[in-house]
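Note sheet for the following structure.
The values are calculated or read from the model by the stated rules, or taken from the named source; none is laboratory data. Only a predicted model underlies this, so the values are computations on that prediction, with no experimental measurement involved. Ideal geometry is used to build each Cβ from the backbone, glycine not excepted, and the neighbour counts take in all protein chains shown.
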Amino acid sequence: MMPLWHYAVKVYAIPGVKEALLKLQDRYHFDVNAVLWCLWCARYGFTFGEDEVAEILGTTDDMTRHTTRPLRTVRVWLASPKVGFPAGEIRRLRDQVLQLELMSEELVLRRLDDATMALGEPNETLDDMATRSEQLFTLARKHVDMPTMIADEDGPGSPLGLFRQAREQAQERGP
């Protein structure tokens, strides 16, 4: 079984996954790490109920809120030109912030891995990844900090549609 951090890095690099995950993040305020956790759990046969999902995801709420998101905000802000500041130095600063953001995400994913292993047992013999991943995603949706009104719940641009795009690519091409 591959650790969550390694799985996440590999799956995120699959064409189409990154784009779907970033749309979930930018349009609907989903935590990409939580979505990757859903895919990983489903891939390795973890089955959790609502209380367990809340407990596991809750172990990383503070780290995500106080490090990962603020670092992402700074990195995105640094992406546009800053009048009066040398562009090369801004790029270097942005690159350093990106490294800190990735460190924060790695810490979050490692913590999710530990919390998952403490509450559940993998069962790689299960082959219903689609069903399990969608059940976990539905439960994880309750952890969206800023829920938005979603007119199209099942279309390709909906949260579930974007999740399915990421899951299909991860299932076809992932570890």
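Find all pairs meeting these conditions: Cβ atoms under 6 angstrom apart; at least six residues apart or on different chains; first residue within the stretch 90-111 and over 20 Å from Thr64 (Cβ atoms) and modelled with pLDDT of 95 or more; second residue loosely packed, with under 15 Cβ neighbours inside 10 Å and not aromatic (Phe, Trp, Tyr). That search, which allows pairs on different chains as well, returns Ile90/Lys82. Of all residues in the stretch 60-82, those that are outside any helix (DSSP H, G or I) have Cβ atoms under 6 Å from Cβ atoms of residues that are of a type in the set (D, E, K, R) and surrounded by 12 or more Cβ atoms within 10 Å (Cβ to Cβ), 6 or more apart or on another chain, in Thr60/Arg111; Leu78/Arg94.
Considering each of Glu52, Glu101 in turn, give the residue that is touching a Ser or Thr at 6+ places or on another chain (Cβ under 8 Å), closer than 27 Å to Cys41 by Cβ, among the charged types (D, E, K, R) and surrounded by 13 or more Cβ atoms within 10 Å (Cβ to Cβ).
Glu101
Within the stretch 30-41, the presence of a residue that is closer than 21 Å to Arg72 by Cβ, out of contact with any Cys (no Cβ under 9 Å at 6 or more places or on another chain), free of Cβ contacts under 8 Å to residues at least 24 places away in the same chain and assigned to a loop (DSSP other than H, G, I, E, B) is excluded.
Scan the stretch 126-138 and tell me whether some residue there is surrounded by 18 or more Cβ atoms within 10 Å (Cβ to Cβ) and assigned to a loop (DSSP other than H, G, I, E, B). Checked the stretch 126-138: no residue is surrounded by 18 or more Cβ atoms within 10 Å (Cβ to Cβ) and assigned to a loop (DSSP other than H, G, I, E, B). For the stretch 7-29, the set of residues classified as touching a Lys or Arg at 6+ places or on another chain (Cβ under 8 Å) and free of Cβ contacts under 8 Å to residues at least 40 places away in the same chain consists of Tyr12 only.
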